[in-house]
Amino acid sequence: MDEARKARSCPPDVVNGVVWPGVKGVGTECLLLMRLNNTARLCLWLAAVAACVCAVPGSAQKSAPAPAGRVIGRLDGISQDGDHFLLAGWACQQGQTKSIVVQLFGENGAPLLAETANLFSESSVNQACLDHASGRHRFLIALPYGYSPNSQVIVRGLRIVDGVPNEAIAGSDLKLEKLTGLNVPYPALPLLAGAYRGLAEPGVFTSANELKDLASRVNRADSYSRRRFALLAAQIQRDLDSGIDWDVTYSGANGGVYQYAFSYEPQDHQEAETRAALRIPPDAKAPAGAAVVASRLALYAAIVKAGAALPAVTPSADEAIKLAKRILLAWADHGFREANGSFLALASFTRDGHNRPEAGLNLTLGRGVVYSVQAQDLLQSMWALNASEVRDLNDFHGALFDLIRQSANVFFAGVGFPYSQCSRYTNIATNGWSRCWRPPAC
């Protein structure tokens, strides 16, 4: 084996007076070359060089570094979301997978802000960027107050590898109103599918054993659970004495009314709007967070039924069950309805500037449905619902599931809506997606 390795060592630089530049070595090729003519020697020498790649120290040619790629990009369009104007486009330094920073300058040349162009980019952008790895070169910039489609701005891409100038990207010389509009083929997230599975068996949220354990801790003198249960009992008494007509529900197209009447108890100064939408008298109390209240009542009753000792002068479990049922069945029978009595379709809701359901139905309905389903689950565990009532509630929650699912699909698959990978975990998105499907960690 050692002799074989020596046989492949590099040829000498001089054999029989012929100079073979660029290599130096000792081996059996030296003996062979002395017996061959010059043409054969050259062929064998070239083969030896190719096989062992030996070089005379200092004789190797240093390859020139590759030139830095240009900074390129383009402004695609401007859109409006409420009172904000959003500028969309892409920018990169060619040949670099790392996202670059883009700087926004006003009409007078003053720097306004800087953002990183790190949203997902489509294949055509990646090809222009000579990047086939990361694919994150898009940006979405919220323009400062006072800037609108009538403004003119310059967006300059900042290099990350020296050797080329920072460049103003294409479209920066136009007034924003001249841009073509926000219509960018962002890669779509997978659409949600599936159907709601009704509560055939109770105990999905809280098992019987967990309720018994909680009741035992409530009965422990001076325990934290005992103090909290006393506060819950006082709140249940306020719910029973509230004077709210819980038979009143809503079936209009305004998602915000569902949020405050059904899903979210704090009213945030929306009482007048809710009262007007529900058409109740000025002196009547508007329903607030119906799903939350029903869940609270059912939980209280379930803890009592599990053996928790009642504080003095507190409502009974049966009183709480009666009101929880009244609230849930009112919404199941009359809420979220079309004029023909069927459950609302997504197309019935008012739309925002991106043609998405107004106010983000993911958030609006997702805030409440976890409470109403839990209330049904607890009531079923206490055998407080008959088969017909269970069926009605399953149909109701199935309809809400479909609204959330369809709304989430519109939100993420809508044409021209840019997103980052983690945007699916925002307040609006998670309230919808996590009710239907639990995506992998971001």
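The values are calculated or read from the model by the stated rules, or taken from the named source; none is laboratory data. A quick note: this is a predicted structure, and the numbers were derived from the prediction, not measured. Please note: Cβ atoms are built from the backbone with ideal geometry, for glycine as well, and neighbour counts cover all protein chains shown.
Among the listed residues V293, V257, identify the single one that is more than 23 Å from M382 (Cα to Cα), in contact (Cβ under 8 Å) with a residue 12 or more places away in the chain, surrounded by 14 or more Cβ atoms within 10 Å (Cβ to Cβ) and in the same structural domain as S381 (by TED's automatic domain parsing).
Criteria check complete, one pass: V257.
Among the residues in the range 388-408, are any in a loop (DSSP other than H, G, I, E, B), aliphatic (A, V, I, L, M) and modelled with pLDDT under 90?
No, every residue in the range 388-408 fails to be in a loop (DSSP other than H, G, I, E, B), aliphatic (A, V, I, L, M) and modelled with pLDDT under 90.
What pairs come out if I take residues in the range 141-154 that are free of Cβ contacts under 8 Å to residues at least 40 places away in the same chain and pair them with residues that are part of a loop (DSSP other than H, G, I, E, B) whose C-beta lies under 8 Å away, six or more apart or interchain?
Pairs found: N150/K175.
Can you confirm whether R337 is of a type in the set (K, R), within 18 Å of T249 (Cβ to Cβ) and over 31 Å from the mean Cα position of the chain (by Cα)?
Here the answer is no, as R337 does not meet what is asked.
Being hydrophobic (A, V, I, L, M, F, W, C) and either assigned to a helix (DSSP H, G or I) or modelled with pLDDT of 95 or more (or both) narrows it down to one of A301, A253, A286, A312, so name that one.
Testing whether each residue is hydrophobic (A, V, I, L, M, F, W, C) and either assigned to a helix (DSSP H, G or I) or modelled with pLDDT of 95 or more (or both) leaves just A301.
Quick grid of which residues meet (1) surrounded by fewer than 15 Cβ atoms within 10 Å (Cβ to Cβ); (2) modelled with pLDDT of 90 or more; (3) within 30 Å of I404 (Cβ to Cβ); (4) over 36 Å from the mean Cα position of the chain (by Cα):
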{"position": "L191", "(1), (2), (3), (4)": "yes, no, yes, no"}
{"position": "Y196", "(1), (2), (3), (4)": "no, no, yes, no"}
{"position": "E201", "(1), (2), (3), (4)": "yes, no, yes, no"}
{"position": "F205", "(1), (2), (3), (4)": "no, no, yes, no"}
{"position": "D241", "(1), (2), (3), (4)": "yes, yes, no, yes"}
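Consider the range 208-221. How many of its residues are under 16 Å from A375 (Cβ atoms) and either free of Cβ contacts under 8 Å to residues at least 60 places away in the same chain or not in a helix (DSSP H, G or I) (or both)?
The number of residues fulfilling the criteria is 0.
How many of the residues making up the range 113-141 are of a type in the set (A, V, I, L, M), surrounded by 16 or more Cβ atoms within 10 Å (Cβ to Cβ) and either assigned to a loop (DSSP other than H, G, I, E, B) or more than 23 Å from the chain's Cα centre (by Cα) (or both)?
Residues flagged as of a type in the set (A, V, I, L, M), surrounded by 16 or more Cβ atoms within 10 Å (Cβ to Cβ) and either assigned to a loop (DSSP other than H, G, I, E, B) or more than 23 Å from the chain's Cα centre (by Cα) (or both) within the range 113-141 amount to 2.
So R296 clears everything in (1) part of a helix (DSSP H, G or I); (2) under 28 Å from F343 (Cα atoms); (3) touching a helix residue (DSSP H, G or I) at 6+ places or on another chain (Cβ under 6 Å) except one condition, right? Which one?
For R296, the failing item is (3).
Could you tell me whether L36 is assigned to a helix (DSSP H, G or I) and either modelled with pLDDT under 75 or over 34 Å from the mean Cα position of the chain (by Cα) (or both)?
no
Can you confirm whether the range 326-344 contains a residue that is within 20 Å of S216 (Cα to Cα), in contact (Cβ under 8 Å) with a residue 60 or more places away in the chain and either among the aliphatic types (A, V, I, L, M) or part of a loop (DSSP other than H, G, I, E, B) (or both)?
Checked the range 326-344: no residue is within 20 Å of S216 (Cα to Cα), in contact (Cβ under 8 Å) with a residue 60 or more places away in the chain and either among the aliphatic types (A, V, I, L, M) or part of a loop (DSSP other than H, G, I, E, B) (or both).
Please enumerate the residues belonging to the range 100-112 that are surrounded by fewer than 20 Cβ atoms within 10 Å (Cβ to Cβ), in a loop (DSSP other than H, G, I, E, B) and not small (G, A, S).
The answer is E107, N108.
Do you know which residues across the range 194-245 are more than 15 Å from A298 (Cα to Cα), touching a helix residue (DSSP H, G or I) at 6+ places or on another chain (Cβ under 7 Å) and of a type in the set (V, I, T)?
Hit for the range 194-245 is V218, nothing else.
Just one of the numbered conditions (1) within 30 Å of V218 (Cβ to Cβ); (2) in a helix (DSSP H, G or I) is not true of E265; which one?
Condition not satisfied by E265: (2).
Say we look at the range 65-76 and pick out the residues that are modelled with pLDDT of 70 or more and surrounded by fewer than 19 Cβ atoms within 10 Å (Cβ to Cβ); which of these is farthest from V164 (Cα to Cα)?
Top of the filtered list is R74.
Here are the criteria: (1) farther than 19 Å from A375 by Cα; (2) outside any helix (DSSP H, G or I); (3) at pLDDT 90 or above. Tell me which single one V248 does not satisfy.
(1)
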